[in-house]
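Working notes, structure below.
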Amino acid sequence: MRRALLVATCAWCLASGGVAGAAPDAKAEPTEREQLLQRYGAVLEKQLGLLQTLDHIEQHADELDAQIVKLSSDRARATDALRDAETQRANAQAQLEAMRLAAQARLRAVLHIAQLPTLRFALSHSDFADSVRKDRLLRRLLAQDKLRLQAYRSQLIALETLTQHRDQALQDLEKLDLALHRQKADAEQERRDKQALLAEIDTDRHVHARAVKDADAAHRLLTEHIEALQEWSERKYTFSMIQGKLLPPVNARVEVGFGEIKHPRFGTTTLHRGLDYRAGGGPNQPVRAVFWGKVAHVGWLTGYGDTVILDHGRGWHTIYAHLEEIKVAPGEVIKSRQRVADIGQTGSLKGRYLYFEIRHNGQPVDPAEWFR
């Protein structure tokens, strides 16, 4: 239940050298790396398996974070409920103690009266009317004592009820603490898995090749997605007229440019179809539309995370990937330099940065040629 993508076997682990060629030892405990590959090995062999696995881990971790926030809120309410129950119980106990002391005093007084000799009590009246008055007074006092006793019993029942409420609030708080601990542990495990898989991309040739293959597949799917979008028919301005006049989408340095990139460890060459802008400083770094257009897509794309695609007409599109805090909606026509989102790290393999593309008829072009 914890992960839909967990697997029990790992043929891929052996193929990638996960056990370093050693003979299997039934008594040896699997290493953390072996356990990781056992969990994800089979799905990684599928098309987009690596990227989809990373997407799943990230999205599940985000879901766990949301649940942790809710549990924390529930815990705060449970703590307040426990505090209120304790306060009410303490007040009820104080009232009960005051009633007990008053009842003791009244009981002593009644016992004192009851110990008077009958004849002395009867002859103590000055006349018959005085006797009637004293009799009525005694009856009234006894009735009041009866009411006090009933009130004492009611307060005792109320105290027992409040104690039960307090105990239930304490149990609820303990359950929430346990659930919160489990959710945090699961979220931490998800993030450790993601970091471990990302490390495998840089250290294991087989995983690196898998990542390259998946990136190419994600590019093809993105191309197909763009081609399937309904073309915007606006013709007021054409995107091709502003080549060399655009401002960058973010105020950040270009970390990776357009073109072929050689991996320093494995020597493999891949085609980078856009620009990577490394985020500087803290969060909330705005991403702006480089030109006016219509929002053609908002949402998650495998390999790109949360993505916005703008249609500028006549087959021109700009792509903004790995976003967070998206500010625009599908179908919205936005102005040049309008804020579309913030730089994020959704679906990212290397932290917080913006991936930006310009495409014409679905094919990437070098964005650097379009900026001032």
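The values are calculated or read from the model by the stated rules, or taken from the named source; none is laboratory data. Small disclaimer: the values here were computed from a predicted structure and weren't measured. Note: ideal-geometry Cβ built from the backbone for every residue, glycine included; neighbour counts use all protein chains shown.
Side notes on the structure shown:
- ARG220 falls short on exactly one of the conditions (1) touching a residue at least 24 places away in the same chain (Cβ under 8 Å); (2) closer than 16 Å to GLY49 by Cα, and that condition is (1).
- Filtered residues of the stretch 322-343 (kept if closer than 16 Å to LEU275 by Cβ and without any contact (Cβ under 8 Å) to a residue 40 or more places away in the chain): HIS322, LEU323
- Test result for ARG278, within 30 Å of ARG33 (Cβ to Cβ), assigned by TED's automatic domain parsing to the domain that holds ARG314, surrounded by fewer than 13 Cβ atoms within 10 Å (Cβ to Cβ) and touching a residue at least 60 places away in the same chain (Cβ under 8 Å): no
- Yes/no for GLY299 being more than 15 Å from ALA321 (Cβ to Cβ), of a type outside the set (Val, Ile, Thr) and outside any helix (DSSP H, G or I): no
- Single match in ASP130, ASP167 (criterion: modelled with pLDDT of 75 or more, outside any loop (DSSP other than H, G, I, E, B) and of a type in the set (Asp, Glu)): ASP167
- Number of residues in the stretch 363-372 that are touching a helix residue (DSSP H, G or I) at 6+ places or on another chain (Cβ under 9 Å) and surrounded by 15 or more Cβ atoms within 10 Å (Cβ to Cβ): the value is 2.
- Meets criteria (in a helix (DSSP H, G or I) and at pLDDT 75 or above) for HIS112: no
- Residue count for the stretch 318-339, restricted to those that are under 23 Å from the mean Cα position of the chain (by Cα) and either among the basic types (Lys, Arg) or crowded, with 22+ Cβ neighbours inside 10 Å (or both): 4
- Options ALA94, ALA105, ALA66; residue that is closer than 30 Å to VAL207 by Cβ and either loosely packed, with under 14 Cβ neighbours inside 10 Å or assigned by TED's automatic domain parsing to the domain that holds LEU159 (or both): ALA66
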